[in-house]
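The values are calculated or read from the model by the stated rules, or taken from the named source; none is laboratory data. Worth saying up front: this structure is predicted, and the values here are computed from it rather than measured. Every residue, glycine among them, receives a Cβ derived from its backbone with ideal geometry; neighbour counts consider all protein chains shown. Areas reflect the complete protein model, heavy atoms only, side chains present, ligands, DNA and RNA absent. Shrake-Rupley method; radii C 1.70, N 1.55, O 1.52, S 1.80 Å.
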Amino acid sequence: MPKVTVDGQEIEVPAGATVLQACELAGKEIPRFCYHERLSIAGNCRMCLVEVKPGPPKPQASCALPAAEGQEIRTDSPMVKKAREGVMEFLLINHPLDCPICDQGGECDLQDQAVAYGRGGSRTRENKRAVTEKYMGPLIKTIMTRCIHCTRCVRFSEEIAGVDEIGAIGRGEDMQITTYLEQAAAHELSANVIDLCPVGALTSRPYAFEARPWELKKTLSIDVSDAVGANITLHSKGREVMRALPRINDDVNEEWLSDKGRYQVDGLTRRRLDRVWVRRDGKLQPADWNEAFGMIAGALQDDKSSIAAVAGDLLDAETMFAAKSLVNACGSHLTEARQTGMTYDVSNLAAVNFNSTFAGIETADAILIVGSHVRWEAALLNVRLRKAVKAGAKVYIVGPEWETTFPATFLGSDLKLLNRVPKELGDVMKSAKRPAVILGAAALAKGALGAALKLVDKFGLVRDDWNGFNVLHISAARMASLMLDFTVPGGMGDIVKAAPKVLLSLGADEMDYGAFASSLKVYIGHHGDKGAHHADIILPGASYAEKDGTYVNTEGRVQFAEKAVFAPDDAREDWTILRALADALGVTVGYDSFAELQAKMIAAVPALGEEGLADYGTLPKADASAKADGEITGYPIKDFYLTNSIARASGVMQRCSDELLHGSVVKEAAE
């Protein structure tokens, strides 16, 4: 490890580190615009200039200069100060005076660094250049006159997202950043360029002119739009969530966020259920809580045990535990979270977990994906797979073809391939040092779990410090429901056979209600979506932003989300509704507060009380007689932007679906 001296302080730096990284290890702040830790080095902006000896007697760009033994680095010399002031002057020559009306104001790198490292005044009297506006889609607002050509957006699109949609045209003063033929940036991670842009050139179109950062309350939360469990911060103003931004977590989402997780939050205020409704004479009509609870109690008067609960995809662990406690207290065991009817063995959770972890899958050198459209089901996992491919991994996919962002070989859609593996695939997987299999929801639905487990021994997926068997879920509630044993062996089929008098639907919008024509259907949820249309009684609940809750992602990582805002009008947190219903039914559930509920849940499942990866033990022994059969004809997600009740209520997600997926021309109001 080379030793360098930074402003008189001698430190050791890792081999291959840059001078900029060495300065940061020494605790020195180095200004930068183009440099970003997760992107390749461009050396465009020249703001990170430092003085280095031995070397030429001039400032050097620290981001592109390797740290070497014996270097003497100065970050505070007069030469460096003057050089940075000069660079800042050049950056501001063409930058417009938009700060009062720029959405980046208050969180703008250019503002901050101009104050810290720039001159006190301007010497230029030349005319500023102007750039024609570009169109980058319904999510990204562009004012490219502000652009300083750092190319962060270009490098993100090419290197991280794997979609070459943003680039530069022209040279010198005529250089412009634009999308290909000025079309919309149509991929699942496009809005991350807004966070990367150090100036106000790329800002959020839906959030334009809505609020200033210092007006917003920031709450730590978890994204529930998929099973990745991305760490987010909800920014709220009053009782409304204004925006969601990613939090840095290298183990989960790094610092990226899918467009759906970022922009579905405008659906939190639309199509909301904010009062109690009951169905009278075939029509839903307003009612009060007592009447609704009375109807439920009346339906169970003869047999309290004739009750079942089905959990939706967005639920927290506490709500599911409360529902299970209520159903069990009534004498029933009918609870299920696999609302679409999937059935698979959940006796060993290691068999239905993403065991490699998201960070670990980057190190895999051969990957077989069975029945998963990864870009739509887990956009942030797709980023990890790209890293693995860049490092030399080979990827094979079983299922209908989809547009990958990395080289991959499609092997067809027949699941019999798992019974008799093609020689090419077998040779690659067996010779790999870290082989991995990813089983998706489409394969689970076809009953391929047992046959996939046989690949563990066939390919040697489990080795020292490596477990390459992975199941990729698409529901944020799935792993928590499995940990809580919120399932019955026959899945939804068992509940249909039982024909319960009362069916509690906890935000279950994807299930088939046709089989429950004789049941009293009670919908406890937050949006007037599919489930509410079939309900006989609607009890307004709280969304993920309106309650504290525990979530477990597809890799078994336990995470906690905090309450950002209050639920609207008469809506209540789900656990309080279930607790009040218990009183109405005359049963005891053993808790009276959220803290008591959570403590009772953690006592039942201790792993839910410890943030981090849960230990599910070792994989079960595969059943030698297990066979995969059938063909994967499609994937469960048909529209990336409209997968849950919040997204379907979001005007932004509706527009993205219309414009980016279905090619509709969305007209402005003036048209």
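Counting the residues of region 107-127 that are closer than 14 Å to Pro96 by Cα, open to solvent by 70 Å² or more (accessible area, probe 1.4 Å) and in contact (Cβ under 8 Å) with a residue 24 or more places away in the chain gives 2. Residues in region 128-171 that are of a type in the set (Ser, Thr, Tyr), touching a residue at least 60 places away in the same chain (Cβ under 8 Å) and assigned to a loop (DSSP other than H, G, I, E, B): Thr151 only.
A quick yes/no check of all residues on (1) touching a Lys or Arg at 6+ places or on another chain (Cβ under 8 Å); (2) of a type in the set (Ser, Thr, Tyr); (3) open to solvent by 50 Å² or more (accessible area, probe 1.4 Å); (4) closer than 24 Å to Val462 by Cβ:
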{"position": "Arg386", "(1), (2), (3), (4)": "no, no, no, no"}
{"position": "Lys394", "(1), (2), (3), (4)": "no, no, yes, yes"}
{"position": "Thr404", "(1), (2), (3), (4)": "yes, yes, no, no"}
{"position": "Ser413", "(1), (2), (3), (4)": "no, yes, no, no"}
{"position": "Arg434", "(1), (2), (3), (4)": "yes, no, yes, yes"}
{"position": "Leu439", "(1), (2), (3), (4)": "no, no, no, yes"}
{"position": "Ala445", "(1), (2), (3), (4)": "no, no, yes, no"}
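Within region 524-546, the residues that satisfy the criterion of being assigned to a loop (DSSP other than H, G, I, E, B), closer than 19 Å to Thr576 by Cα and open to solvent by less than 10 Å² (accessible area, probe 1.4 Å) are Gly541, Ala542, Ser543. Is there a residue in region 591-609 that is under 16 Å from Phe293 (Cβ atoms), open to solvent by less than 70 Å² (accessible area, probe 1.4 Å) and of a type outside the set (Asp, Glu)? Checking region 591-609: not a single residue is under 16 Å from Phe293 (Cβ atoms), open to solvent by less than 70 Å² (accessible area, probe 1.4 Å) and of a type outside the set (Asp, Glu).
Filtered by the rule that a residue be in contact with a Pro (Cβ under 7 Å, 6 or more places away or on another chain) and surrounded by fewer than 16 Cβ atoms within 10 Å (Cβ to Cβ), region 268-286 gives a lone residue, Asp274. Return a yes/no flag: does region 176-192 have any residue that is in contact (Cβ under 8 Å) with a residue 24 or more places away in the chain, in contact with a His (Cβ under 8 Å, 6 or more places away or on another chain) and open to solvent by 20 Å² or more (accessible area, probe 1.4 Å). No, the conditions are met nowhere in region 176-192. Quick one: would you say Ala201 is modelled with pLDDT of 90 or more and either farther than 13 Å from Cys153 by Cβ or buried (at least 20 other Cβ atoms within 10 Å of the Cβ) (or both)? Criteria met by Ala201.
Of all the residues in region 368-407, those that are aliphatic (A, V, I, L, M) and within 22 Å of the chain's Cα centre (by Cα) number 11.
Does region 310-326 hold any residues that are among the charged types (D, E, K, R) and assigned to a helix (DSSP H, G or I), and which are they? If the condition is that a residue be among the charged types (D, E, K, R) and assigned to a helix (DSSP H, G or I), then Glu318, Lys324 are the ones that fit.
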